[in-house]
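Participant: Below you'll find the structure I mean.
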Amino acid sequence: MDVIPVSLAGRSYNVTIERGCVLENFADHAKPYFASYRTSEKSDGRKIPFVADTNTHRIFQESIEQSLLAEGLAADWFVVEPGEAAKSWSVLEKLTDWLLALGITRSDHVFALGGGVVGDLTGFACAVLKRGCEFVQIPTSLLAQVDSSVGGKTAINTRAGKNLIGAFHQPASVLIDPLVLDSLPDREMRAGYAEVIKYGLLGDAEFFDWLEEYGTAVLAREPEALTHAIATSIRAKARIVAEDERETTGVRALLNLGHTFGHALEAETGFSVRLLHGEAVATGMVLAAQYSARRGELPKVDADRAAKAISDAGLPADIAKLGMDCSGSNLADHMRHDKKMEGGTLPFLLLKQIGEAYLARDVELADIAAFLDEQMAAQ
Ligand SMILES: NC(=O)c1ccc[n+]([C@@H]2O[C@H](COP(=O)([O-])OP(=O)(O)OC[C@H]3O[C@@H](n4cnc5c(N)ncnc54)[C@H](O)[C@@H]3O)[C@@H](O)[C@H]2O)c1
């Protein structure tokens, strides 16, 4: 078992990584968070609230309920359709109404069982419910296990864009069972792996070297490699979040490597399954590396290594092959609406070397547009 602390003033919590901690012995690990649902040693009949999507509900309901039953406890489920549409005002309203009808108090814990969509939605509902109740993250996608479940960013989407309404609200605990990834579709696994590569590129050259060698084993869900990749990613995220919880000093911004390019690609493809978030980030990281090389800040050989690691993982490394029917300035226009845009400039995450990202504040969007035109024309 690996227990990684996320150290924050007054709101520290642990991320537990253990094979089987959800699928085999959930109640043992989650026991501390059941306390408010009991009145005595045995349950008082108050059910424990779980939020899931139809996939995670179908796959994990039985093992969770059996584990709870052995403790004399039961679950109540709020189940959403899979996909970004669940991060909406209307679903948030239904979820908060449901939680209020259950009589959830500020010290009760709500369990989020799913990928980043379920985690972000549940976290935001818990941030605003009675001005803040507790929640536990049980991430079931690789992306959620290595990224979204840790750090306290919660949000829903609006017509104006993704994640524009949200709050910082840290979970009480994060329980990561690598075994749950066995049922994750391969494409989702690869999309999550893009965020794993990100930690190597932005701050850990040794981890990047390791991924070049063992990335295939991680994607094949080989236990030792997978657990090492998740734990190393979480350690990096925990360190960064502890340093800059609310993204005010520029440290947490490092986690956005590849995201500005990626976000523009997602916006251009309508945030659809045509390009998953992790896939867009993968292409975005290659673009960030190529743009850094174009500025003479990153050796070309390192930009090529980044692109190779991404294409070896079966992720889209080449924007020219995405079939984007747009110009560089169309993509740069999407960046203008980025919520990190300040006073007409957009801070850009670039690379000095593999394992060293930095925030450039002198990037002109017109130059980005020209660079993107070059890349889309290159074959
Ligand atoms: N809060 C943050 O810091 C943060 C960081 C990164 C991304 N995000 C958000 O995360 C979301 C993306 O998360 P995601 O990639 O996990 O997407 P997701 O939650 O939509 O899950 C992807 C798909 O995998 C399915 N799934 C999940 N676990 C499964 C399992 N074990 N077996 C079978 N199917 C499973 C889901 O049902 C869904 O169809 C986006 O909304 C993004 O904005 C948040």
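The values are calculated or read from the model by the stated rules, or taken from the named source; none is laboratory data. None of the values given here were measured: they were computed from a predicted structure. Note that we place each Cβ from the backbone using ideal geometry, even for glycine, and neighbour counts take in every protein chain shown.
Participant: Gly296 fails exactly one of the following numbered conditions: (1) under 24 Å from Thr269 (Cβ atoms); (2) out of contact with any helix residue (DSSP H, G or I) (no Cβ under 9 Å at 6 or more places or on another chain); (3) modelled with pLDDT of 95 or more. What is the number of that condition?
Facilitator: (1)
Participant: Follow-up question, since we're still on this one. Considering only the range 282-335, state which residues are within 16 Å of the ligand (Cβ to nearest atom) and closer than 19 Å to Glu374 by Cα.
Facilitator: Ala282, Thr283, Gly284, Met285, Pro316, His334
Participant: When you look at Ser90, is it hydroxyl-bearing (Ser, Thr, Tyr), surrounded by 13 or more Cβ atoms within 10 Å (Cβ to Cβ), modelled with pLDDT of 95 or more and more than 21 Å from Gly152 (Cβ to Cβ), yes or no?
Facilitator: It is false that Ser90 is hydroxyl-bearing (Ser, Thr, Tyr), surrounded by 13 or more Cβ atoms within 10 Å (Cβ to Cβ), modelled with pLDDT of 95 or more and more than 21 Å from Gly152 (Cβ to Cβ).
Participant: Further, regarding this structure: So for the range 198-213 (the condition being of a type in the set (Ser, Thr, Tyr) and within 16 Å of the ligand (Cβ to nearest atom)), does at least one residue qualify?
Facilitator: Yes, there is a match, as at least one residue in the range 198-213 is of a type in the set (Ser, Thr, Tyr) and within 16 Å of the ligand (Cβ to nearest atom).
Participant: Please work out which one of (1) aliphatic (A, V, I, L, M); (2) in contact with an Asp or Glu (Cβ under 9 Å, 6 or more places away or on another chain); (3) more than 8 Å from the ligand (Cβ to nearest atom) is the condition Leu143 fails and give its number.
Facilitator: Just one mismatch for Leu143, condition (3).
Participant: Quick check: anything in the range 53-63 in contact with a helix residue (DSSP H, G or I) (Cβ under 6 Å, 6 or more places away or on another chain) and within 25 Å of Leu276 (Cβ to Cβ)?
Facilitator: yes
Participant: Also, I was wondering about something else. Does Glu279 qualify as being charged (D, E, K, R) and closer than 13 Å to Leu257 by Cβ?
Facilitator: Considered against the rule, which asks whether it is charged (D, E, K, R) and closer than 13 Å to Leu257 by Cβ, Glu279 comes out as no.
Participant: Write out, first by first residue and then by second, each pair whose Cβ atoms fall under 8 Å of each other, whose residues are 6+ apart or on separate chains, and whose first residue, in the range 356-375, is farther than 15 Å from Lys340 by Cβ and modelled with pLDDT of 90 or more while the second is assigned to a loop (DSSP other than H, G, I, E, B) and of a type in the set (Phe, Trp, Tyr).
Facilitator: none
Participant: Of the residues Val128, Val150, only one is hydrophobic (A, V, I, L, M, F, W, C) and either within 18 Å of Phe50 (Cβ to Cβ) or surrounded by 22 or more Cβ atoms within 10 Å (Cβ to Cβ) (or both); which? Please lay out each step first, then the result.
Facilitator: Details: Val128 fails: either within 18 Å of Phe50 (Cβ to Cβ) or surrounded by 22 or more Cβ atoms within 10 Å (Cβ to Cβ) (or both).
Exactly one of Val128, Val150 is hydrophobic (A, V, I, L, M, F, W, C) and either within 18 Å of Phe50 (Cβ to Cβ) or surrounded by 22 or more Cβ atoms within 10 Å (Cβ to Cβ) (or both), namely Val150.
Participant: Going through the range 166-183 one residue at a time, which ones are in a strand (DSSP E or B) and more than 9 Å from the ligand (Cβ to nearest atom)? Explain how you work it out, then say what you get.
Facilitator: Of all residues in the range 166-183, those in a strand (DSSP E or B) come to 166-168, 173-176.
Those that are in a strand (DSSP E or B) and more than 9 Å from the ligand (Cβ to nearest atom): Ala167, Phe168, Ser173, Val174, Leu175, Ile176.
Participant: For the range 277-292, check the following and say yes or no: at least one residue is surrounded by fewer than 19 Cβ atoms within 10 Å (Cβ to Cβ) and either in contact (Cβ under 8 Å) with a residue 24 or more places away in the chain or of a type outside the set (D, E, K, R) (or both).
Facilitator: Within the range 277-292, not a single residue is surrounded by fewer than 19 Cβ atoms within 10 Å (Cβ to Cβ) and either in contact (Cβ under 8 Å) with a residue 24 or more places away in the chain or of a type outside the set (D, E, K, R) (or both).
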